[in-house]
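Any read-out appearing in this document is the output of simple, stated calculations on the displayed coordinates, not a laboratory observation. The structure presented is a predicted model; accordingly, all values stated were derived computationally and were not measured. Note that we place each Cβ from the backbone using ideal geometry, even for glycine, and neighbour counts take in every protein chain shown.
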Amino acid sequence: MLFIPTLAHGILLALRYVDRGTEDLWKSFKGLVVGFILGMLLMLVAVFLFVHWIDGLIFFAALAFLIYVVIQLYMYIRDGFYMRPIWLNINRVIIFGLTITSFCISLGTDSFSMYAGASYSCLTLLFLMWSFAVFHFIVDFSEVEDRPVYYSITLFPIFKYDPKKNDVEDHYTPTSAWIAGVLVLLGWAFLTAH
């Protein structure tokens, strides 16, 4: 019951942010902001009260992770698609932790096989890497007029023009993340076949 109105409030706020940023957001859209935050909190409380406390913890962790991702995306876009090294290292630790969590849980749970844990770990890593790559591909496509990307005939090297420096710089990360995802998928396929 709470999910649909909360989702509608969130989508409208996201569209408003894309259109005009945070300018006069609280003044004109305070009802949507309050409705979205209240809906999320009520859903969290409902899961704790009416489902199970373990499901409530899972929902809370997913909600905290979603908030963290939104904050990171905001900082990344605000700083001109630059991530500070401290945040880059923190994000790497979080990705590593998320990747091995399901595998570690599978070792201690009887209803969860090691294969299932490895599969969930590969799926998590693949999702994170390909989400990162697709996000950067979309950014590169949207900036093609101001900051074009130059590919060689053999894919590597890849360069991107930086108008601030008036020079090209290496731009391997999105393609490397995509190829690493393909390698993870091939490794999982080998594990599955074996």
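Rounded if a/c is under 1.5, else prolate if a/b beats b/c, else oblate: with a ≥ b ≥ c from the C-alpha gyration tensor eigenvalues square-rooted, which is segment 1-78?
Numbers: a/c = 3.06, a/b = 1.58, b/c = 1.94.
Oblate shape, in that a/c is at least 1.5 and b/c is the bigger or equal ratio.
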Handout entry: For HIS194, HIS52, order by how many other beta-carbon atoms lie within 10 Å, fewest first
Key = HIS194, HIS52
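Taking the Cα centre of segment 1-125 as origin, sum charge times position over the Cβ atoms of Lys and Arg (+1) and Asp and Glu (-1), and report the length of that vector in debye to the nearest 20. Please report the intermediate quantities before stating the final value.
On the way: 7 positive and 6 negative charges, 67 e Å.
Using Cβ point charges on Lys, Arg, Asp and Glu, segment 1-125 gives about 320 debye.
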Practice task
Springs between alpha-carbon atoms under 10 Å, Gaussian network over the chain: tell me which of ALA14, ALA177, ALA133 tops the mean-square fluctuations.
Solution key: ALA14
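So if we plug the beta-carbon distance of SER28 and SER176 into 1/(1 + (r/R0)^6) with R0 = 41 Å, what FRET efficiency do we get, rounded to 0.05? List each step's numbers first, then the result.
Details: r = 42 Å, r/R0 = 1.03.
That pair, SER28 with SER176, gives E of 0.45.
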Problem - Backbone HN-Hα couplings from phi across segment 131-140 [Karplus 6.51/-1.76/1.60, Hz, Gly and Pro as x] - result: 5, 4, 5, 5, 4, 6, 4, 5, 4, 4
Completion exercise
So, relative contact order of segment 84-194 in percent, Cα under 8 Å, 6 or more apart, is 21
Fill in the blank from the handout: By Cβ neighbour count within 10 Å, fewest first, MET40, MET114 rank MET114, MET40
Fill in the blank from the handout: For the chain, averaging the sequence separation of alpha carbon pairs under 8 Å that lie six or more residues apart and dividing by its residue count, the contact order in percent is 11
Handout entry: Phi to ³J(HN,Hα) by Karplus 6.51 cos²θ - 1.76 cosθ + 1.60 over segment 39-47, Hz, x for Gly, Pro
Key = x, 5, 5, 5, 5, 4, 5, 5, 5
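Indicate the gyration tensor shape class of the chain (rounded, prolate or oblate), computed on the Cα atoms with a ≥ b ≥ c the square roots of the eigenvalues: a/c under 1.5 is rounded; otherwise a/b larger than b/c is prolate and the rest oblate.
Working: a/c = 2.56, a/b = 1.09, b/c = 2.34.
Oblate.
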Practice task
Amide H neighbours of ILE158 under 5 Å, at least 5 residues apart or on other chains, H built in the peptide plane: list them.
Solution key: HIS171
Handout entry: Square roots of five times the Cα gyration tensor eigenvalues for segment 53-93, Å
Key = 26, 12, 4
Completion exercise
Quick note, segment 84-194: a/c under 1.5 would make it rounded; otherwise a/b > b/c is prolate and the rest oblate (a ≥ b ≥ c, C-alpha gyration tensor); here it is prolate
Completion exercise
About its Cα centre, segment 84-194 carries a charge dipole, from +1 on Lys and Arg Cβ atoms and -1 on Asp and Glu Cβ atoms, whose size in debye to the nearest 20 is 240
Practice task
Answer with one residue from TYR76, VAL47, PRO163: the one whose Cα lies farthest towards the positive end of the charge dipole of the chain, charges on Cβ with Lys, Arg +1 and Asp, Glu -1.
Solution key: VAL47
Practice task
Compare GLU143, GLU23, GLU169 in a GNM of the chain, Cα atoms joined below 10 Å, and give the one with the largest fluctuation.
Solution key: GLU23
Exercise for the section: Could you work out how far the C-alpha centroid of segment 1-78 sits from that of segment 158-194, in angstrom? Expected result: 31
